């Protein structure tokens, strides 16, 4: 009897025939039925096995088309099932990994032991399953790949754990890209932090604005401190810049072009920073604005540099203006003072000698000429003071409070009773390094200026106080001043000074008064006197709120130095009947004037228009002269050079020097070079004669008989 062939199915899924032998049944009906039943059962089992194989094949095909790794491990960690993607990632042939131990074969060596022990504890029910985790696998080529796993426990019919089914996604490249992006963002963040740059994105539809932490820091906010709204952003903009910021936003929404702007922001701590912004609006296909992105940059340091450059430029322009004015003033002062000397001198001589009736019409004319000449002389002096080239003036140590009270006392008659003057001049202030006369001139000019601004009724306040400045910018020279100062403050209740006029108020000849009411030299003279001692200015004039002048005068760092001078003259006249003076001036009119003046006072005059001829005469008879009077600026030899040559022959000879203007020589310098008396032209004849008398009286060497 032919034995039936049974098909056996192994766990591996392979189906193959398994021949069996059975004893032949008796050829009776019972045995026949039994054989038929066995054959029927065998056929049923064969069909069931075929269905199982078909189901397994179909399931495997489903797993193979899944784009993730699928791995089934039994309780020992061996691979029972895997799909094509898992094989591709692990680098093995299709289904070749089945039966291998997962931990020993596909995990990096440094992770095998710990992972295997954890898995066995899981199978023993001693640990909880992590539904999701990331771990590295080791391919057959030795490459490490990062897999993100989703895990599920498998249990048998009896409920016991039999394995774990895991689905994994290879995220190696994604993580590499993610890490590269993170590093790029970190570099961008560091670059923004170093460059002080912040970025933003504005969702125009929702109104929400997103800021980076760097941008929040630029506005003085902690991370997360921005409220993500346009209103909050505008509230942090300086009030004077908010309108401009709104215009920039409107321009961006309407034009479609990139917009740029600069504005100041108010920090929560009260600080102010300058920011520059650039942004562009992105639109949809219909042209409607959807989003706006851009950056803000901290430009505070640039603004400080620009302000410093502006200040230095203004300082340079002021210095150049002062230099030009000084050169102009110095250029005309010598010749102009010589002209004035002739006008004043001869007018006085004419009035004294030829007009006996002081009330006559001619006397009045001459007095008007003298008055006009004196005004012209004073005007030149003011111009020299403004240009800081006023010779013969040195700073001395003096107390400001009594000087201020003296000046205000002198002004009492010049200030109407309808103008109230408030004075605060403490007596315990440090001394200032300034000539008292110059201090009087400064305060008087400022108060008179305030009086004219107030008009018929108002108030003027004069205050003195001690102060210490630190990097305070002078409104005139634009230098930054630091140190100890006495502040002279003159405040009025007048209409104030307009911003257009304010930069020009110290310019010479500039005035807002009607013709004939002012020369425009008052404040310019104040400027020159204050700057001559190293002082500075600050002027405040809010619209309609009057004006306040702050004058900062340096305190005296040491006691005043007294220049050496001649001894006090004794009363009387020069002994002897013969008094002879050597007179030198290259201006013929001045020479004639001085000759007439001196001769009228009993002096014998040897007059020379050239210094070399005068020196020759003196060398021939050094002891024939009682004194020397010389001009400074002359051809071939200056007055100082002539005086030094004469003093080498007669060290005791009194020497008097007259100058229309000398930029390099002042009274102190002249005295150090042997000059007894120093005069600025135009010289008053009476003052010159008095000085000559005094110096010759103090001379120890009378002229030879």
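When you count the other C-beta atoms within 10 angstrom of each residue and take the mean per peptide, 481-488, 411-418 line up highest first as 481-488, 411-418. Rounded is the label for region 599-705. Its Cα gyration tensor axes, ordered a ≥ b ≥ c, give a/c under 1.5. Extending 7 Å from Cα along the Cβ direction at residue 234 and again at residue 43 yields two label points whose distance is 9.2 nm. Each residue, residue 645 and residue 367, gets one label point 7 Å from its Cα in the Cβ direction; the gap between the two is 4.6 nm. When peptides 131-137, 471-477 are ranked by their average number of other Cβ atoms within 10 Å per residue, the highest-first order is 471-477, 131-137. Can you tell me the FRET efficiency between residue 358 and residue 412 if r is taken as the Cβ-Cβ distance and R0 is 35 Å, rounded to the nearest 0.05? For R0 = 35 Å, the calculated efficiency reads 0.65.
Exposure proxy shown here: for 646, 68, 526, 596, the number of other Cβ atoms within 10 Å sets the order, fewest to most, as 596, 68, 646, 526.
Quick note: the coordinates plus some simple rules give every number you see, no bench work behind them. A quick note: this is a predicted structure, and the numbers were derived from the prediction, not measured. Because the Cβ atoms are built from the backbone with ideal geometry, glycine has one as well, and the counts that use them run over all protein chains shown.
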